[in-house]
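Here it is, the structure, as structure tokens.
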Amino acid sequence: MTQHHHFDAVIVGAGGAGLMAALHASQGGANIAVISKLYPTRSHTGAAQGGIAAALGNMEPDSWENHMYDTVKGGDYLVDQDAAEFLAKDAIDAIIELEHMGLPFDRTPEGKIEQRRFGGHTAPDPNDPEKRIPVMRSCKAADRTGHMILQTLYQNCIKQKVNFFSEFFVVDVLVRDNVCRGVVALEIATSELHLFHSKAVMMASGGFGKMFQVSSNAHSLTGDPVVAAYRRGLPLEDMEFFQFHPTGIYKMGILLSEASRGEGAVFINDNGERFMERYMPTLKDLAPRDICSRCIYLEVRDGRGINGKDYVYMDYRPETINRLKSGPGDKPVTREHLEKALPDVLELVRVYMGLDPMAQPVPIQPTAHYAMGGIATDVDARVLADNNTAVMGLYAAGECACVSVHGANRLGTNSLVDLVVFGRRGGKHMADFCSNAEIAPLWPSPEKDTLAEFDRIRAAGVNGKERAATLRNELQKLMTDKVGVFRTERDMAWALADIKALKARYANVKVDDTGKIFNTDVLETYELGCLLDLAEVTAAAALNRTESRGGHAREDYPDRDDINWLNHSMCYSTGSKTGPGLLESAWRFDKKPVSITKYQPKERKY
Amino acid sequence: MRVHLKIKRFNPEKDAAPYWGEYDVEVEPTDRALDALHQVKWFQDGSFNLRRSCAHGVCGSDAMRLNGRNRLACKVLMQDLVPDGGTLTVEPLLGMRVIKDLIVDMEPFFKHYESVMPFFVNDTPLPENGRERLQSPEARERYDEGTKCILCAACTTSCPSFWANGEYIGPAAIVQAHRFIFDDRDQAAEERLEILNEQMGVWRCRTAFNCTNACPRDIPVTQLIGEVKKALATGRLD
């Protein structure tokens, strides 16, 4: 039996964006529920390490204009500048608000929030205003800033008595005639379906980086609500732009924060050379992530990977940092300082690699990290049905959304800024919307399609031949090999054909568990279907964009092409609608103009 | 390396009582215990169940008993658990109702957590300049340890006092209370101390140190509990 619930607003996902929205929507008077497939404190916001940018100017002069400029340039001018202005301005208020909520930021001797350098965050050089040099803008709590944000927001949700539905898996978002009416969710403990009928829905489900083999993403990041929106005919924006973070632990992909390089760590190749000096003479190792990842690939390709292999070193040793003068400020860096500034990162190296980063350099390689693209929204987090029309009552914020403040490449620390700024904006807007809107009627049995799909997975599973994990491994390897840091038409056409073949095999996946209680066998199969759909859109969008910009590097189109491609891509499904993974491989691309207000596109050099 | 896994299995839809499931897996010595468990779930028996998400020790989903000791399965390597050809015993956390296999009912744990007012309280006016409240680095350092907690329940479910009485709020909830009690910006220390002074509060702790040994974040849990006891005994927060 399907259970029915009524709320003003339902928020899907309990990471930074969802919880920030929950706090603001409930403060605005809305009766809300947060639905998450994990317990809220398990959300991947908690894995964010280095910091959250805001031009507080606590350490040295800074301005929101600097932050906005860096964001626009970092995103290779595909950033919507109206949105980036909100990001940079609202960041200051949002960080102060987090402090007022109790967030334990690190402190300066005067007691203010302490800040540090991060890739691509700059201010004009006082001695040469034409030149931009690294600025301390990242607010932090050691290297567990995301953990502190997640904990603080969840604590405040408890204080405000927000309703949580933990371990509920959202499978459908009920949009018809451009009006959102709620969601369908599966209670993981019982496999029962729940129908949430509401005036508003916010999707805040995070990323979907589990489509890649070497990935910093959690197992749960499979993009299920993003696929639900796509199946309902809503466009996905800029899906070709996926960020590969330069410093994943070799082979495992576990992230070692960019804060490492903010504190002075450097990249070293097999010749012992600090190679970033050669590529980006000003910012060097603090160049943005897309650039660093490409440089590592080029070093490896030219045979300068360590021992000729597919990795380079990140060197944290104080003697290296002091010899190269790569640390912040003028004072020498000490081991004690690094241990205090980067405790979790250094522990990750010790636990997973079994080596001491204070004595040896650390093998790293680029790891799939962050989707710049996602569900298209406006600056109030309202989901768009096309280039101009918002869906009534439907919102999205955080990594699953595309505002677009990150454009073609996100700067480090700007993901946490995005969460709190647009979670907050969306939450406030949603509260206002709910105080005026009537609840839209549901059509009969809106959960029917979902029931049919789960019945199909179970029925096919009895005689299924292949395991979901086998297909998932193949998909992840394919995406890392063919739709990774560098891309070509040939590789992506290959990837699309292979994904189509995987989808055919997906229809016959074996399921061992026939029960109702905590059936993650069925859910992992469903999640694989979502990953297949999103991988297909990612590859198709990458094939579609015949230029190189930010995180999208085409070897067959090596230059940025502002004449033809200074616009967002919008991908619409045109295939017949069936369950995730079974969606017909058919889509259409449209273009959406970029908002350019302050900064005209220029060549991107650091 | 080849490893034998002995996993405590229980499916209430099928089994009258828990039983040991036996599996052989081939793993790299540097694989996580979680990787070995995924080998079973993904390639041998899809009905086997566990919680996991981040897979690198920060989300707190996969606390369980490995060879009789509470660990995060994603934060311990096989080479550090068992020799080549050896056996790894895997059980759900103790003292919690088992829902299925390694999945336990976390609701009582989160209820205890919520009972200690685990949120910041300060109703004084905000700074007039619209900026952050100031806090010295020393004052920030005072409650740092408790801020590391990821609510994985490894400490609480290793505690003999909790095993004896599941109503005891347990070490994790006390650590969370400590984080606010010793934050000089917060104003609700007294209320929290009153809660912890109750029958099921901090005095149930018998200083067994199991919690400190179990914590995957290296929080000195027993010491923090001791500081709360001292604050109650002396009426002072120093």
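The values are calculated or read from the model by the stated rules, or taken from the named source; none is laboratory data. Quantities reported herein were computed from a predicted structural model and do not represent experimental measurements. Counting neighbours? That spans all protein chains shown, and the Cβs are built from the backbone with ideal geometry, glycine included. Note: areas computed on protein heavy atoms with side chains; ligands, DNA, RNA excluded. Shrake-Rupley method; radii C 1.70, N 1.55, O 1.52, S 1.80 Å.
What are the residues in the range A:554-574 that are over 19 Å from residue A:406 (Cα atoms) and exposed (fewer than 15 other Cβ atoms within 10 Å of the Cβ), if any?
Hits for the range A:554-574 are A:555, A:556, A:558, A:559, A:563, A:564, A:574.
So which residues in the range A:371-391 are open to solvent by 10 Å² or more (accessible area, probe 1.4 Å), in contact with a His (Cβ under 8 Å, 6 or more places away or on another chain) and not basic (Lys, Arg)?
A:380, the sole residue that qualifies.
Let me ask something additional. If you scan the range A:89-133, which residues turn out to be of a type in the set (A, V, I, L, M), within 14 Å of chain B (Cβ to nearest Cβ) and either open to solvent by less than 30 Å² (accessible area, probe 1.4 Å) or assigned to a loop (DSSP other than H, G, I, E, B) (or both)?
Kept after step one, since they are of a type in the set (A, V, I, L, M), are these residues of the range A:89-133: A:91-92, A:94-96, A:98, A:101, A:103, A:113, A:123, A:133.
Checking which are within 14 Å of chain B (Cβ to nearest Cβ) leaves us with A:91-92, A:94-96, A:98, A:101, A:103, A:113.
Residues satisfying the conditions are A:91, A:94, A:95, A:96, A:98, A:101, A:103, A:113.
Looking at A:536, A:524, A:547 in this structure, which one is facing another protein chain (nearest Cβ under 9 Å) and under 23 Å from the mean Cα position of the chain (by Cα)?
Numbers: A:536 fails: facing another protein chain (nearest Cβ under 9 Å); A:547 fails: facing another protein chain (nearest Cβ under 9 Å).
Testing whether each residue is facing another protein chain (nearest Cβ under 9 Å) and under 23 Å from the mean Cα position of the chain (by Cα) leaves just A:524.
Let me ask something additional. Of the residues in the range A:476-513, how many are within 14 Å of another protein chain (Cβ to nearest Cβ) and either assigned to a helix (DSSP H, G or I) or of a type in the set (Asp, Glu) (or both)? Can you show your working first?
Taking the range A:476-513 and keeping what is within 14 Å of another protein chain (Cβ to nearest Cβ), we get A:476, A:509-513.
Next cut, either assigned to a helix (DSSP H, G or I) or of a type in the set (Asp, Glu) (or both) only: A:476, A:512-513.
So the answer is 3.
Could you grab me the full set of residues in the range A:503-520 that are free of Cβ contacts under 8 Å to residues at least 60 places away in the same chain and open to solvent by 20 Å² or more (accessible area, probe 1.4 Å)?
Scanning the range A:503-520 gives A:504, A:505, A:508, A:510, A:512, A:514.
Per-residue answers, yes or no, for (1) closer than 30 Å to residue B:5 by Cα; (2) surrounded by fewer than 24 Cβ atoms within 10 Å (Cβ to Cβ); (3) at pLDDT 95 or above; (4) not charged (D, E, K, R):
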| position | (1), (2), (3), (4) |
| --- | --- |
| B:68 | yes, yes, yes, yes |
| B:95 | yes, yes, yes, yes |
| B:99 | yes, yes, yes, yes |
| B:150 | yes, no, yes, yes |
| B:178 | no, no, yes, yes |
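For the range A:294-314, check the following and say yes or no: at least one residue is open to solvent by less than 50 Å² (accessible area, probe 1.4 Å), more than 23 Å from residue A:555 (Cα to Cα) and not in a helix (DSSP H, G or I).
Yes.
Scan the range A:193-207 and give yes if some residue there is of a type outside the set (Val, Ile, Thr), in contact with a Lys or Arg (Cβ under 8 Å, 6 or more places away or on another chain) and either modelled with pLDDT of 95 or more or farther than 24 Å from residue A:592 by Cβ (or both), otherwise no.
Looking through the range A:193-207, at least one residue is of a type outside the set (Val, Ile, Thr), in contact with a Lys or Arg (Cβ under 8 Å, 6 or more places away or on another chain) and either modelled with pLDDT of 95 or more or farther than 24 Å from residue A:592 by Cβ (or both).
Quick one: in the range A:201-235, of everything that is assigned to a loop (DSSP other than H, G, I, E, B) and of a type in the set (Val, Ile, Thr), which residue is nearest to residue A:399 (Cα to Cα)? First the steps, then the outcome.
Here is the first cut: in the range A:201-235, the residues assigned to a loop (DSSP other than H, G, I, E, B) are A:204-208, A:212-214, A:216-223, A:232-235.
If we keep only those that are of a type in the set (Val, Ile, Thr) as well, we get A:214, A:222.
Details: A:214: 19, A:222: 12 Å.
Result: A:222.
Results for (1) closer than 22 Å to residue A:105 by Cα; (2) touching a residue at least 12 places away in the same chain (Cβ under 8 Å), shown as yes or no for each residue.
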position	(1), (2)
A:125	no, no
A:132	no, yes
A:135	yes, yes
A:141	yes, yes
A:144	yes, yes
A:147	yes, yes
A:158	yes, no
A:165	no, yes
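With respect to residue B:88, is the statement that it is more than 10 Å from chain A (Cβ to nearest Cβ) and either farther than 22 Å from residue A:524 by Cα or open to solvent by 10 Å² or more (accessible area, probe 1.4 Å) (or both) true?
Working: more than 10 Å from chain A (Cβ to nearest Cβ): yes; either farther than 22 Å from residue A:524 by Cα or open to solvent by 10 Å² or more (accessible area, probe 1.4 Å) (or both): yes.
For residue B:88, the condition - more than 10 Å from chain A (Cβ to nearest Cβ) and either farther than 22 Å from residue A:524 by Cα or open to solvent by 10 Å² or more (accessible area, probe 1.4 Å) (or both) - is met.
Follow-up. Looking at the range A:168-191, which of its residues are in a loop (DSSP other than H, G, I, E, B) and either among the β-branched types (Val, Ile, Thr) or within 14 Å of chain B (Cβ to nearest Cβ) (or both)? Write out each step before concluding.
Initial filter on the range A:168-191 (in a loop (DSSP other than H, G, I, E, B)): A:177-178, A:188-191.
Across the range A:168-191, the qualifying residues are A:188, A:189, A:190, A:191.
Among the residues of the range A:400-439, write down those that are of a type in the set (A, V, I, L, M), in a loop (DSSP other than H, G, I, E, B) and closer than 24 Å to residue A:566 by Cα. Spell out the reasoning first.
Of the range A:400-439, the ones of a type in the set (A, V, I, L, M) are A:401, A:403, A:405, A:408, A:411, A:416-417, A:419-421, A:430-431, A:437, A:439.
Subsequent filtering for residues that are in a loop (DSSP other than H, G, I, E, B) retains A:403, A:405, A:408, A:411, A:437, A:439.
A:403, A:405, A:408, A:411 - these are the residues of the range A:400-439 that are of a type in the set (A, V, I, L, M), in a loop (DSSP other than H, G, I, E, B) and closer than 24 Å to residue A:566 by Cα.
When you go through A:260, A:220 one by one, which is the residue that is polar (S, T, N, Q), in contact with a Ser or Thr (Cβ under 8 Å, 6 or more places away or on another chain) and open to solvent by less than 10 Å² (accessible area, probe 1.4 Å)? First the steps, then the outcome.
On the way: A:220 fails: open to solvent by less than 10 Å² (accessible area, probe 1.4 Å).
None of the others qualify; the one that does is A:260.
Among all residue pairs at least 6 apart or on different chains, which show Cβ distances below 6 Å where the first residue, located in the range B:131-156, is at the interface with chain A (Cβ under 8 Å from one of its Cβ atoms) and of a type in the set (Phe, Trp, Tyr) and the second is surrounded by 17 or more Cβ atoms within 10 Å (Cβ to Cβ) and in a loop (DSSP other than H, G, I, E, B)?
B:143/B:182; B:143/B:183
Hey, another quick one. Of all residues in the range B:24-74, which are among the β-branched types (Val, Ile, Thr) and within 9 Å of chain A (Cβ to nearest Cβ)? Give the derivation first.
Step one: of the range B:24-74, the residues among the β-branched types (Val, Ile, Thr) are B:25, B:27, B:30, B:40, B:58.
The answer is B:30, B:58.
Pull up the range A:1-20, narrow it to residues that are more than 17 Å from the chain's Cα centre (by Cα) and among the hydrophobic types (A, V, I, L, M, F, W, C), then point me to the one that is surrounded by the most Cβ atoms within 10 Å (Cβ to Cβ).
Let us first name the residues in the range A:1-20 that are more than 17 Å from the chain's Cα centre (by Cα), namely A:1-11.
Then drop every residue that is not among the hydrophobic types (A, V, I, L, M, F, W, C), which leaves A:1, A:7, A:9-11.
Details: A:1: 5, A:7: 22, A:9: 30, A:10: 27, A:11: 36.
My answer is A:11.
Separate question: Do we have residue B:74 as closer than 29 Å to residue B:184 by Cβ, at pLDDT 95 or above and crowded, with 22+ Cβ neighbours inside 10 Å here? Talk me through it step by step, then tell me what you get.
Working: closer than 29 Å to residue B:184 by Cβ: no; at pLDDT 95 or above: yes; crowded, with 22+ Cβ neighbours inside 10 Å: yes.
Criteria not met by residue B:74.
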